[in-house]
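Undergrad: Have a look at this one before I ask anything.
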Amino acid sequence: MTARPTAAPRAIFDTEERLALRDAVAALGRRYGGAYMMERARTGRPTDDLWAEAGRLGYLGVNLPEEYGGGGGGVADLVVVLEELSAAGCPLLLLVVTPAICGSVIARFGTEPQKHRWLPGFADGSLRMAFAITEPDAGSNSHRLATVGRRDGDDWILNGRKVFISAVDWADAVLVVGRTEDARTGKLKPALFIVPRETPGFEYRPIPMEIVSPERQFELYFDDVRLPADALVGDEDAGLLQLFAGLNPERIMASAFATGIARYALDKAVDYAKTRAVWGVPIGAHQGLAHPLAQCRIEIELARLMTQKAATLYDAGDDMAAGEAANMAKYAAGEAAVRTVDQAVQTLGGNGLTQEYGLAALLSVVRIGRVAPVSREMVLNFVAQHTLGLPRSY
Ligand SMILES: Cc1cc2nc3c(=O)[nH]c(=O)nc-3n(C[C@H](O)[C@H](O)[C@H](O)COP(=O)(O)OP(=O)(O)OC[C@H]3O[C@@H](n4cnc5c(N)ncnc54)[C@H](O)[C@@H]3O)c2cc1C
């Protein structure tokens, strides 16, 4: 048996190149490790040094086009980066956002000047972008989005509010999902705006959260924010398509975030179960502990497989199939991570709840995966409706 019980085995989706990436990123993650992330989370200091180093090494932009400084790979490669950093104890939440959502949308739909302005900085780590779709009154119902951009000459005037937006304080700009009025029908349709953080009329306030993580969440206010014409991403008529180009990578990367943390917690639990002995044998010899840990390993592997499938479909340009797989992957990964961290805490007994072992803090972190970026119930609604063809209840 391997000495690293949850080390990522060679996956059918892993090319030689991707395996090398996996090992290299894992080595970087181990140099920082879980203690580093917990210290940053508890002191409120940003993880800039790890972010910058990952950028220098080319890991942040593996999915971005080479002509804009990226690695020319796909979301499947970015999954490897986030999964391995998370498995080493360094789940960088902004990897779900900047390269995956914002990078994918701008690379696919941005204008040439937008690509030149943002993508090289995303790839080398010098620029970061947050993503804002959630609104206080709309919640899971994105049809109710009330952030609206109206034309004023060539400019846009943006008004609205957003909530729970991650790491706005570390971001140079926010990719805001708003709506614009269709000139022909008068109906509101989705549109994406890039709003630099220092734009007059844009304010953000931290929300006190019970999550032990370096990234904080913010409430955003847009009060007659004047934006130039080129703040609109790509084409005014392609808003919905652009949005899905970002939401699928978001779900796929949220899965990588969750499975990586689950691997980290399982590693700790297994190590502990091998050495801790209270009845003369290691506690891992008791099936009451061994079986749940084995079950966690199986669930993590299943979630990883689905994540890789979703990423592969997305990279192949099959947005519809990727959407279904991304939802399923996010569900599976969220559930596996919640169960694994809980079982890891249980395995360590009292030590599971100490700061020294750093596991209990992850309970709230993995809990995010059941709520965001799309809740467990909304994934089940999607599968019931679109996969099974059942009637819609809401
Ligand atoms: C740590 C964290 C970070 C986040 N970061 C970001 C970010 O960077 N950018 C961003 O835009 N958003 C972000 N979010 C927001 C997140 O995407 C939302 O919280 C999530 O989409 C759920 O929306 P809501 O909180 O308004 O819940 P609600 O929509 O109010 O839902 C509340 C509950 O009702 C259930 N529910 C709602 N409708 C139905 C239905 N039809 N059927 C069954 N159940 C239903 C939900 O599943 C949920 O359990 C973040 C959230 C968290 C917790």
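The values are calculated or read from the model by the stated rules, or taken from the named source; none is laboratory data. Nothing here was measured: the structure is a model prediction, and the numbers come from that model. Note that we place each Cβ from the backbone using ideal geometry, even for glycine, and neighbour counts take in every protein chain shown. When the accessible area is computed, the model is the full protein with side chains, heavy atoms only, and any ligands, DNA or RNA have been set aside. Shrake-Rupley method; radii C 1.70, N 1.55, O 1.52, S 1.80 Å.
Undergrad: Can you tell me which residues in region 139-182 are charged (D, E, K, R) and within 23 Å of M378 (Cβ to Cβ)?
TA: Selection gives R144, R161, K162, R179.
Undergrad: Please work out which residue is most open to solvent (accessible area, probe 1.4 Å), limiting yourself to region 297-335 and to residues that are in contact (Cβ under 8 Å) with a residue 12 or more places away in the chain and over 16 Å from I252 (Cα atoms).
TA: Looking at the filtered set, the residue picked out is R297.
Undergrad: Given region 98-193, what strands (runs of 3 or more DSSP E) lie entirely inside it while holding 2 or more residues that are free of Cβ contacts under 8 Å to residues at least 24 places away in the same chain?
TA: Numbers: elements: 129-132, 148-152, 155-166, 173-181.
No strands (runs of 3 or more DSSP E) qualify here.
Undergrad: Moving on to the next point. May I ask you to list the residues in region 44-70 that are farther than 29 Å from A303 by Cα, hydroxyl-bearing (S, T, Y) and in a loop (DSSP other than H, G, I, E, B)?
TA: none
Undergrad: Filter region 203-258 for residues that are open to solvent by 20 Å² or more (accessible area, probe 1.4 Å) and hydroxyl-bearing (S, T, Y) and give the result.
TA: Passing the criteria: Y204, S213, Y221.
Undergrad: Also, quick follow-up: For the subset of region 126-167 comprising residues that are touching a Phe, Trp or Tyr at 6+ places or on another chain (Cβ under 6 Å) and more than 17 Å from R197 (Cβ to Cβ), which member is nearest to the ligand (Cβ to nearest atom)?
TA: The selected residue is T134.
Undergrad: Right, another one. Which of the numbered conditions does G73 fail, given that it passes all the others? Conditions: (1) more than 16 Å from the ligand (Cβ to nearest atom); (2) open to solvent by 20 Å² or more (accessible area, probe 1.4 Å); (3) not in a loop (DSSP other than H, G, I, E, B); (4) not aliphatic (A, V, I, L, M).
TA: If we test G73 against (1) more than 16 Å from the ligand (Cβ to nearest atom); (2) open to solvent by 20 Å² or more (accessible area, probe 1.4 Å); (3) not in a loop (DSSP other than H, G, I, E, B); (4) not aliphatic (A, V, I, L, M), just (3) comes out false.
Undergrad: Have a look at V80, V163 and point out the one that is within 18 Å of the chain's Cα centre (by Cα) and surrounded by 19 or more Cβ atoms within 10 Å (Cβ to Cβ).
TA: Among V80, V163, only V80 is within 18 Å of the chain's Cα centre (by Cα) and surrounded by 19 or more Cβ atoms within 10 Å (Cβ to Cβ).
Undergrad: Pick from region 336-386 the residues that are hydroxyl-bearing (S, T, Y) and away from the ligand (no atom under 16 Å from the Cβ): which of them is surrounded by the most Cβ atoms within 10 Å (Cβ to Cβ)?
TA: T340
Undergrad: Does any residue in region 374-389 that is of a type in the set (A, V, I, L, M) come within less than 6 Å, Cβ to Cβ, of a residue that is within 10 Å of the ligand (Cβ to nearest atom) six or more places away or on a different chain, and which pairs are these?
TA: M378/S140
Undergrad: I'd like the residue in region 173-202 that is of a type in the set (D, E, K, R) and open to solvent by 70 Å² or more (accessible area, probe 1.4 Å) and, out of all such residues, is farthest from N159 (Cα to Cα).
TA: First pass over region 173-202, keeping only residues of a type in the set (D, E, K, R): 179, 181-182, 184, 187, 189, 197-198.
Filter once more, keeping what is open to solvent by 70 Å² or more (accessible area, probe 1.4 Å): 181, 184, 187, 198.
Values: E181: 13, R184: 22, K187: 17, E198: 16 Å.
The qualifying residue farthest from N159 (Cα to Cα) is R184.
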